[in-house]
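Report on one structure; see the data block that follows.
The values are calculated or read from the model by the stated rules, or taken from the named source; none is laboratory data. None of these values were measured; they are calculated from a predicted model. Positions of Cβ are generated from backbone atoms using ideal geometry, with glycine treated the same way; all protein chains shown enter the neighbour counts. Note: areas computed on protein heavy atoms with side chains; ligands, DNA, RNA excluded. Shrake-Rupley method; radii C 1.70, N 1.55, O 1.52, S 1.80 Å.
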Amino acid sequence: MRKGIVYENAKSILLLYKSPPIGNFTKHNKLNTSFMKQTFLFLILATSFLTAKSQLNSGSWLVGGSGSFYSYNEKYSTPTYNQTAKYTSADISGTVGYFIVDKFVAGVRPYFSSYKEESIRPNGGTTNSFRFAIGPFARYYFLQADKPFNLLTDISYQFGINRQVHAPDIDGKFNDFSVMGGTEVFFNTAVGMEILFGYSQKIRSIGESPNALYTNKKGFQVSIGFTLHLEKL
């Protein structure tokens, strides 16, 4: 049904741009005609977009991912000590899931992060670390598949390693738990963009107990990513 709508819209666009002006138009009228054509083109494309939907049926696949990169300088100072360091970090997260029943998908979510701390002064030392984790996720879509967007809830848990590169290397653990909700907007039957927000808790350790160093970060999180909805294989 969607292909027929897009085909008829495309025919309308071609006929509109090929049709000659009727009567003796002035320059002002020609400009108005051009504006009307552009407006009509926008309305047709918008109509085509509103007919988009996604594959949420049992047996379909969900593949997605997101990434981030940031770099910043940070200065530590006390009355007797000053240090300036440069930080760079790159994070990549993926999603591979299978629709067990209509609108409910479950699968695995891998995560990789690379982190570098470079002391600018006083000693110029460098610390590199990376984290790799993988774990299950589950997601439920609330609306029917024929909608141009959908509301969803997503829960995931990843666990893995946290390694700090020194001489020798220092290993630790990494755990990430999140409960998110939001919307996914579909560009067509296969591609969507998701905007999620919710609660996230990240626990990292470095070293061995009982002298391990632990960090616990928890709070509000916003995530933006792209997804592919693939038909049954």
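Look at THR126 and say whether it is β-branched (Val, Ile, Thr), closer than 19 Å to VAL63 by Cα and at pLDDT below 90. No: the conditions fail for THR126.
Within the set PHE187, PHE174, PHE197, the sole residue that is of a type in the set (A, V, I, L, M, F, W, C) and either without any contact (Cβ under 8 Å) to a residue 12 or more places away in the chain or surrounded by 15 or more Cβ atoms within 10 Å (Cβ to Cβ) (or both) turns out to be PHE174. Of the residues THR88, THR95, the single one that is in a strand (DSSP E or B), surrounded by 15 or more Cβ atoms within 10 Å (Cβ to Cβ) and among the β-branched types (Val, Ile, Thr) is THR95. Among what's in segment 37-86 and is of a type in the set (Lys, Arg) and touching a strand residue (DSSP E or B) at 6+ places or on another chain (Cβ under 8 Å), pick the residue that is modelled with the highest pLDDT. For segment 37-86, the residue satisfying everything is LYS86.
Are any residues in segment 209-220 modelled with pLDDT under 90 and open to solvent by less than 70 Å² (accessible area, probe 1.4 Å), and if so, which ones?
Initially, segment 209-220 is screened for residues modelled with pLDDT under 90, giving 209-215, 217.
Of everything in segment 209-220, those that are modelled with pLDDT under 90 and open to solvent by less than 70 Å² (accessible area, probe 1.4 Å) turn out to be ALA212, THR215.
Residue check: GLN164 meets all listed conditions (1) polar (S, T, N, Q); (2) touching a Lys or Arg at 6+ places or on another chain (Cβ under 8 Å); (3) within 23 Å of ALA212 (Cβ to Cβ) but one, namely (2). Filtering ILE206, ILE170, ILE161 for residues that are modelled with pLDDT of 90 or more and β-branched (Val, Ile, Thr) leaves a single hit, ILE161.
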